[in-house]
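What follows is calculated from the coordinates using simple rules that are stated; it is not laboratory data. Since we're looking at a predicted model, the values are computed, not measured. Positions of Cβ are generated from backbone atoms using ideal geometry, with glycine treated the same way; all protein chains shown enter the neighbour counts.
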């Protein structure tokens with residue numbers, strides 16, 4: 001990937017996110033609900049042992065993403081933004097400097113190679129969830145292949161909003177309703193390409209492009225176009241359309257269940273939808289069946305209602321008890 005191309009597309013000193021999300025970290029609500037669901041008496045006992053184990057693993061992965069989202073938000077506020085971002089990714093991998101003392105002479109320039117080197121330590125079969133902070137709520141999921149395919153990864157873009165319609169597979173068999181596959185999955189990505197520091201630099205600067213600069217002709221691509229038209233094709237070595245078709249054929253040969261089509265979110269709740277759809281994807285790829293995923297979703301919503309009912313107990317209003 002050419003660094004000069006990235007520098008032409010993005011402001012070398014990107015402004016804070018011009019479209020901040022009203023709820024930048026919905027994972028906090030979701031992980032709290034998952035914890036309550038999985039504890040004794042929370043309703044999770046109605047699920048199979050395999051489903052509970054998958055829910056517990058997914059909850060931990062989303063908690064790591066929650067921490068990374070906080071650090072990414074803080075990195076957007078001050079100087080040394082790139083350094084904070086790369087450091088946050090290293091922390092999410094559990095490879096941060098064990099020395100808690102701050103560096104007395106911090107390097108003002110980031111070292112993206114530290115991130116790419118750390119990815120080599122991602123355990124086979126492990127998942128890294130990265131919040132994408134640009135234009136619309138998106139989550140990036142990186143799953144390293146299990147041995148003997150540990151030198152390749154599966155990269156999934158979770159985008160439940162209408163912004164994903166131009167790029168994600170869609171289904172129009174029930175007009176006028178149009179559904180999209182909110183999880184765009186690309187497998188067989190060489191781990192070496194994810195360790196390329198140029199990719200992480202482009203990811204960071206791509207998130208910071210102001211769409212108004214694109215409208216004025218000052219930038220060639222906005223954040224979403226950088227993600228879908230530059231970053232993802234670089235990982236696969238092919239165009240996005242061909243990469244999707246190639247992986248769908250390979251996934252079918254491997255016996256992987258096809259990912260469901262969902263109604264795109266058009267309201268301001270896409271931030272929450274990204275976390276929910278990511279959870280559903282993690283469960284499906286952990287081998288949890290579709291019916292049990294639906295049961296888990298129902299129990300999760302019931303637990304959220306219970307939490308809301310608890311909070312309403314502090315409001316001087318009559319309430320209705322839930323079973």
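Before moving on, here are some points about what is shown:
- Taking every C-alpha pair closer than 8 Å and separated by at least 6 residues, the mean separation divided by the residue count of segment 139-248 gives a relative contact order of 21 percent.
- The ranking of 248, 229 by Cβ neighbour count inside 10 Å, starting from the fewest, reads 229, 248.
- The simple Förster model, with R0 at 30 Å and r as the Cβ-Cβ distance, assigns residue 269 and residue 123 a FRET efficiency of 0.35.
- Approximate spin-label separation residue 215-residue 29, in nm, with each point projected 7 Å along Cα-to-Cβ: 2.8 nm
- Across segment 159-318, the relative contact order, built from alpha-carbon pairs under 8 Å that are at least six residues apart, equals 28 percent.
- Cβ-derived FRET efficiency at R0 56 Å, residue 49 paired with residue 239, nearest 0.05: 0.85
- The overall shape of segment 182-323, judged from the alpha-carbon gyration tensor, is oblate: a/c is not under 1.5, and a/b is no greater than b/c.
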